[in-house]
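Q: Please find one structure pasted underneath; my questions will follow.
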Amino acid sequence: MTLYIGREASKLWKRICAETTTEINLLVDNWKYLLAGLVCQYIHGLAARGVHYLHRPGPTLQDLGFMLLPELGQDKAYMSETLFTFIFLSFFLWTFHPFILKSKKIYTVLVWCRVLSFLVFSQMLRILTFYSTQLPGPNYHCREGSKLATLPRPHSAVEVLFINCISVVGCLRLSRAS
């Protein structure tokens, strides 16, 4: 039994090494696309924050979708965050399955190039739509009376460029304080 496990382990190690070599070669060829996709993700974050500065809370508009499927509420927001995290992590881990399983050939770098190119296109359209429409948001943090409905304006250009990093650091500080 030990010999069989040892032989399978060496095959697995060879497969992982072969996949890693292939993925590195693909990464060398496609790093510009991946970097452009990540930069566009950053731009999307800046744009979302910018529209948050422009947001003026107002009365919640009637929405058939919210009538048919009401919101969970602030006390159950963890449910949607947990579901999103599970789906995202499952997809992320799935993209690495060719390293271990013998299946139809897909390459992790190429999957991420396609995912990021789709996200770039989708998020550019999203940026156009949320800058062209200034409707009051239905989410609880966008409603009248919420402390987060409007954000204070940035003090400098540096703060604008690093606003996503500042938000992450601020969230980390809040989590450590509590």
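Q: Do we find a residue being modelled with pLDDT of 80 or more and within 21 Å of the chain's Cα centre (by Cα) anywhere in region 51-65?
A: Taking every residue of region 51-65 in turn, at least one turns out to be modelled with pLDDT of 80 or more and within 21 Å of the chain's Cα centre (by Cα).
Q: Right, something else. List every residue pair whose Cβ atoms lie under 7 Å apart, where the two residues are 6 or more positions apart in sequence or sit on different chains, the first residue falls within region 61-86 and is under 14 Å from Tyr140 (Cβ atoms), and the second residue, located anywhere, is in a helix (DSSP H, G or I) and of a type in the set (S, T, N, Q).
A: Correct list of pairs: Leu72/Ser80.
Q: Next question, about the same structure. Any residue in region 110-135 that's assigned to a helix (DSSP H, G or I): show its pairings with residues that are hydroxyl-bearing (Ser, Thr, Tyr) at Cβ separation under 6 Å, as long as the two are six or more apart or on different chains.
A: Note: pairs meeting the criteria are Val111/Thr95; Cys113/Tyr33.
Q: Mind telling me which of the residues Tyr53, Tyr78, Tyr33 ends up being touching a Cys at 6+ places or on another chain (Cβ under 6 Å) and of a type outside the set (A, V, I, L, M, F, W, C)?
A: Tyr33
Q: Taking the condition assigned to a helix (DSSP H, G or I), among the small types (Gly, Ala, Ser) and within 30 Å of Glu144 (Cβ to Cβ), does Gly65 pass?
A: Yes; evaluated as a whole, the condition is true for this residue.
Q: Pairs, please: C-beta under 7 Å, at least 6 apart or cross-chain, first residue closer than 19 Å to Gln41 by Cβ and in a helix (DSSP H, G or I) and in region 152-165, second at pLDDT 75 or above and charged (D, E, K, R)?
A: Ile163/Arg49
Q: Additional query: From the residues in region 66-92 that are at pLDDT below 85 and of a type in the set (Gly, Ala, Ser), which one is nearest to Ala18 (Cα to Cα)?
A: Ser80
Q: Test Lys105 against the stated conditions and say whether it is more than 30 Å from Tyr131 (Cβ to Cβ) and not in a loop (DSSP other than H, G, I, E, B).
A: When the stated conditions are applied, Lys105 does not pass them.
Q: Among (1) modelled with pLDDT under 85; (2) out of contact with any helix residue (DSSP H, G or I) (no Cβ under 6 Å at 6 or more places or on another chain), where does Thr95 come up short?
A: Evaluating Thr95 over (1) modelled with pLDDT under 85; (2) out of contact with any helix residue (DSSP H, G or I) (no Cβ under 6 Å at 6 or more places or on another chain) leaves (2) as the failure.
Q: State whether the residues of region 51-60 include one that is part of a helix (DSSP H, G or I) and of a type in the set (S, T, N, Q).
A: no
The values are calculated or read from the model by the stated rules, or taken from the named source; none is laboratory data. Keep in mind that this is a model prediction, so the values were computed, not measured. Backbone-built Cβ (ideal geometry, glycine too); neighbour counts: all protein chains shown.
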